[in-house]
Amino acid sequence: MNRTDGLVRRAVRSRENGAEGGCASGGGAGTGLNANTPDDNQDMNQNKDHEDNIDDGDSKETRLTLMEEVLLLGLKDKEGYTSFWNDCISSGLRGCILIELGLRGRIMMEKSGMRRRGLCSSRKVILKSDQPTGDVLLDEALKHIKETNPPETVQSWIEYLSGETWNPLKLRYQLKNVRERLAKNLVEKGVLTTEKQNFLLFDMTTHPLSDNVVKCRLVRKIQDSVLSKWVNDPQRMDKRMLSLIFLAHASDVIENAFAPLNDDDYEVAMKRVRELLDLDFEAEAAKPNANEIIWAVFMAFTK
C-alpha cells in the first residue's frame, strides 16, 4: 500500500524557517530523557492506571483518548472529514480501543505457559476489571470482551470490532459509526464543530476544526517525542505516546503530524518511527513492567 495516499502533502521548508507558520515543529533531533521516578512496587501498582490516563504536560489541558487523537490527526482541518482513500483508520481506531482498555487496567493478556512462553500474538485477551470507564465506546467493547467465552486474540478482536469478519455470528461485535461518535465527543470538548456539506449526490455531516490550539499541541507532542525528547528506548517512553505513534502509523495518519517539519527533522522523525516499527515486539512484551496488550496490538498490525 502507498503510505502517502490521502495524506497532507508535507511542505518543503528550510532548516531556518521550518518551525514557522501552522503548528510549531519539534525542537530538533536532541536526545532528552524522560526519567522515571523510582517508587516502591505497591505505590506503582496503585497509581499505574491513574498515571497511564494522564498525558504529559499541563493536567488542565483538554484530555483526549487515543481514539480521539488518531481521528484528530486524520481529519482535514477545514473540510472536517478524513480522506476517502484512507482504508486503514477504521482498524486503527479499534486497535486504539484495545490499548486504551489495556492502559486503563480493564483487559490483559492471558498468562503464558511454559510451552507458549512469549507468543503474545497467539494468546487470548481476558477481562481484568469490568468497572465502567465512562467512555461509551470503551464500555461497549469491554462488554463484548466480558461476554465472550472462550476468549479471543487481539487480532480477532480488531476484526470483530471493525466488522471485518467472515463469521456471521461475530458481526454483533461490530462497533458502528465510530468516527462519527468520536467526532461528536470532540465537538463536546470544544475541539471540533458541526456543519453540513453538499457532495452533489448526497449531504454529509462534517466536523471542521474549531480549536487549532489542541491539534497543534497534539502535533507538537508527537514531534517532540521523536525529536527533542527522543529516549531511544521504548521501555522508557511514555506508554500512551508510544501507542499513539504506532497507532497513527497503522491508521496512515502519522505523516500528518510531521508535515510542518523541515526536511532534516522530517528524515530524523521518520527514521525513528521506522526504528520503533522494526523492534522485536515479542521480546519487548516479555520485559519487566511491559504492557502486553500494547505490544500484542502492535504485532496485529505488522503481520
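The values are calculated or read from the model by the stated rules, or taken from the named source; none is laboratory data. Predicted model only: the values in this text are computed from it and were never measured. Neighbour counts are summed over all protein chains in view; Cβ atoms, including those assigned to glycine, are modelled from backbone coordinates with ideal geometry.
Of the residues examined, residue 230 is one that is farther than 18 Å from residue 80 by Cα, assigned to a loop (DSSP other than H, G, I, E, B) and at pLDDT 95 or above. Residues of the range 119-167 that are surrounded by 18 or more Cβ atoms within 10 Å (Cβ to Cβ), β-branched (Val, Ile, Thr) and not in a helix (DSSP H, G or I): 125, 133, 148, 153. Restricting 125, 191, 187, 178 to residues that are closer than 22 Å to residue 80 by Cα, in contact with a strand residue (DSSP E or B) (Cβ under 9 Å, 6 or more places away or on another chain) and of a type in the set (Val, Ile, Thr) narrows the list to 191.
Just to verify a result, which residue in the range 36-75, among those that are modelled with pLDDT of 85 or more, part of a loop (DSSP other than H, G, I, E, B) and surrounded by 16 or more Cβ atoms within 10 Å (Cβ to Cβ), is farthest from the chain's Cα centre (by Cα)? Only one residue fits best here, namely 75. Look at (1) part of a helix (DSSP H, G or I); (2) modelled with pLDDT under 95 and you find that residue 270 fails only one, number (2).
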